[in-house]
Amino acid sequence: MAVLESILLVGGKGTRLRPLTINTPKPMLPVAGVPFTEHQIAIARAAGVTRVVLGTSYRAEVFSDYFGDGSAFGVALDYRVEDEPLGTGGAIRNAAAALTCGPDDPVVVFNGDILTGLDIPAMVRAWVEADADVALYLTRVDDPRAFGLVPTVGDRVTAFLEKPQTPEEIVTDQINAGCYIFRRSVIDEIPTGRPVSVERETFPGLLEAGRTVLGWVDPGYWLDLGTPLAFAQGSADIVTGVVGSPALPGAPGPALVGDGAQVRGECTAGTSVGAGAVVGERSQVRSSVLFDRARIGSDVVVENSIIGAGSSIGDGCVLRGVVVGDGARIGAGNELLDGVRVWPDMVLDDCSVRFSSDQ
Ligand code: GDD
Ligand code: MG
């Protein structure tokens with residue numbers, strides 16, 4: 001097979017990562033030094049994918065401005081834009097208009113926010129051997145409620161229960177990990193011109209019709225970067241090499257430091273420091289993402305957090321599990337804990353605000 005094509009679903013609004021996603025689509029936020037989509041493209045390319053169609057909707061131009069025709073990234077890139085979001089199935093159908101492969105060829109589809117060490121060629125081979133209509137990449141998680149539940153018998157999928165609402169629906173800890181191998185002609189069966197959810201409509205419909213839906217369980221690394229904590233974790237795991245990405249600038253290590261950044265304190269546990277950012281003396285930054293030009297004062301502790309571009313964190317602050325929007329300013333001595341989000345350009349003066357879970 002000379003050309004292996006892939007569709008990346010990157011049209012979601014990323015509401016769980018607000019305010020960072022107010023102006024930037026979630027997949028274009030910097031993870032381990034480059035936009036997350038760049039890691040996904042590099043990982044797909046290493047697995048033999050040669051053409052990628054980006055199914056975009058929200059802020060579509062941000063992708064094309066950065067990736068162009070893909071030649072700088074080693075793949076041929078095309079774009080299909082939805083005027084109104086068409087849902088996951090509608091987006092796949094819409095993007096398929098840009099595919100060049102034949103009706104029986106495989107198409108590798110990815111949710112645009114999953115980080116994985118999946119062996120894509122092995123999954124394609126299993127799809128070929130089973131002569132399947134679709135193969136679903138599955139993984140096991142402790143709490144499956146936020147995902148699509150996918151029970152199997154042998155390697156055959158028996159049901160698809162998206163975001164179960166009742167305890168009775170929690171029939172397995174095996175979930176849809178957000179990557180599929182579709183027979184191209186199966187994509188062409190998805191209705192056009194209206195929103196379609198692949199999880200709520202297409203997969204249950206295929207199962208009801210008795211089509212061959214293969215479950216491919218891969219026990220390796222998997223993470224959905226949809227929440228702030230997971231986003232910081234995913235970035236840290238690429239920086240330290242827990243999961244490999246050919247797009248990581250340089251070799252894996254305890255921290256990634258961008259051009260012109262000044263680190264006087266300590267950045268560890270996979271912290272990514274953006275270009276021109278500053279980390280002051282005696283500060284400790286762990287498993288966090290500092291966007292470009294973020295300024296961390298002295299004696300600051302930052303953990304599992306995302307600090308927006310050009311924001312500034314005053315001396316002596318403690319930030320754990322928080323999101324700070326671009327250009328925000330946190331005065332000295334503040335403590336911001338689990339789940340706090342500071343909106344862009346917001347100013348929290350010294351002593352005027354002190355967020356803490358135990359106060
Ligand atoms: N183009 C386009 N248009 N893309 C979309 C649209 C749309 O209307 N809606 C969602 N997407 C993209 C998102 O950008 C994201 O990359 C992907 O589709 C999945 O959407 P999420 O909003 O991240 O869904 P989720 O994480 O709640 O659930 C999905 O992923 C889980 C695994 O991470 C489902 O596929 C679950 O079944 C699955 O378990
Ligand atoms: Mg997701």
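Here GLU168 meets the list (1) modelled with pLDDT under 95; (2) surrounded by 14 or more Cβ atoms within 10 Å (Cβ to Cβ) almost entirely, failing just condition (2). Could you check region 33-46 and list, in sequence order, the residues that are out of contact with any Asp or Glu (no Cβ under 8 Å at 6 or more places or on another chain) and not β-branched (Val, Ile, Thr)? Across region 33-46, the qualifying residues are GLY33, PRO35, GLU38, HIS39, GLN40, ALA42, ALA44, ARG45, ALA46. Being in contact (Cβ under 8 Å) with a residue 40 or more places away in the chain and within 27 Å of GLY74 (Cβ to Cβ): is that true of GLY234 here? Considered against the rule, which asks whether it is in contact (Cβ under 8 Å) with a residue 40 or more places away in the chain and within 27 Å of GLY74 (Cβ to Cβ), GLY234 comes out as yes.
Which of the residues belonging to region 19-51 are more than 13 Å from ligand 1 (Cβ to nearest atom) and in contact with a Lys or Arg (Cβ under 7 Å, 6 or more places away or on another chain)? PRO19 - this is the single residue of region 19-51 that is more than 13 Å from ligand 1 (Cβ to nearest atom) and in contact with a Lys or Arg (Cβ under 7 Å, 6 or more places away or on another chain). Inspect all residues belonging to region 12-32 and state whether any of them is within 16 Å of ligand 2 (Cβ to nearest atom) and small (Gly, Ala, Ser). Checking region 12-32: at least one residue is within 16 Å of ligand 2 (Cβ to nearest atom) and small (Gly, Ala, Ser). Taking the criterion of being charged (D, E, K, R) and more than 13 Å from LEU229 (Cβ to Cβ), the residues of region 287-325 that qualify are ASP292, ARG293, ARG295, ASP299, ASP315. If you check VAL196, VAL141 for being in contact with a Ser or Thr (Cβ under 7 Å, 6 or more places away or on another chain) and of a type outside the set (Ser, Thr, Tyr), only one passes: VAL196. Kindly indicate whether any position in region 258-271 is more than 22 Å from GLY331 (Cα to Cα) and crowded, with 22+ Cβ neighbours inside 10 Å. Yes, because at least one residue in region 258-271 is more than 22 Å from GLY331 (Cα to Cα) and crowded, with 22+ Cβ neighbours inside 10 Å. Going by what's in this entry, would ARG145 be described as over 22 Å from ASP224 (Cβ atoms), in a helix (DSSP H, G or I) and charged (D, E, K, R)? For ARG145, the condition - over 22 Å from ASP224 (Cβ atoms), in a helix (DSSP H, G or I) and charged (D, E, K, R) - is not met.
The residues in region 1-10 that are more than 12 Å from the chain's Cα centre (by Cα) and either near ligand 1 (Cβ under 8 Å from one of its atoms) or aliphatic (A, V, I, L, M) (or both) can be counted, and the count is 5. Taking the criterion of being in contact (Cβ under 8 Å) with a residue 40 or more places away in the chain and either under 16 Å from GLU162 (Cα atoms) or touching a Phe, Trp or Tyr at 6+ places or on another chain (Cβ under 7 Å) (or both), the residues of region 200-212 that qualify are GLU201, THR202, PHE203, PRO204, LEU206, LEU207.
Quick check: anything in region 173-181 in the same structural domain as ALA122 (by TED's automatic domain parsing), of a type in the set (Ser, Thr, Tyr) and closer than 21 Å to PRO121 by Cα? Yes: one or more hits.
Within region 199-230, the set of residues being farther than 14 Å from VAL141 by Cα, away from ligand 2 (no atom under 13 Å from the Cβ) and of a type in the set (A, V, I, L, M) comprises LEU206, LEU207, ALA209, VAL213, LEU214, LEU229. Is it true that ARG145 is out of contact with any strand residue (DSSP E or B) (no Cβ under 8 Å at 6 or more places or on another chain), assigned by TED's automatic domain parsing to the domain that holds GLY14, within 16 Å of ligand 2 (Cβ to nearest atom) and in contact (Cβ under 8 Å) with a residue 24 or more places away in the chain? Here the answer is yes, as ARG145 does meet what is asked. Looking only at residues that are within 16 Å of ligand 1 (Cβ to nearest atom) and part of a loop (DSSP other than H, G, I, E, B) in region 227-260, which one is nearest to GLY12 (Cα to Cα)? Selected residue: THR227.
The values are calculated or read from the model by the stated rules, or taken from the named source; none is laboratory data. Keep in mind that what you see is a predicted model, and the values were worked out from it rather than measured. Every residue, glycine among them, receives a Cβ derived from its backbone with ideal geometry; neighbour counts consider all protein chains shown.
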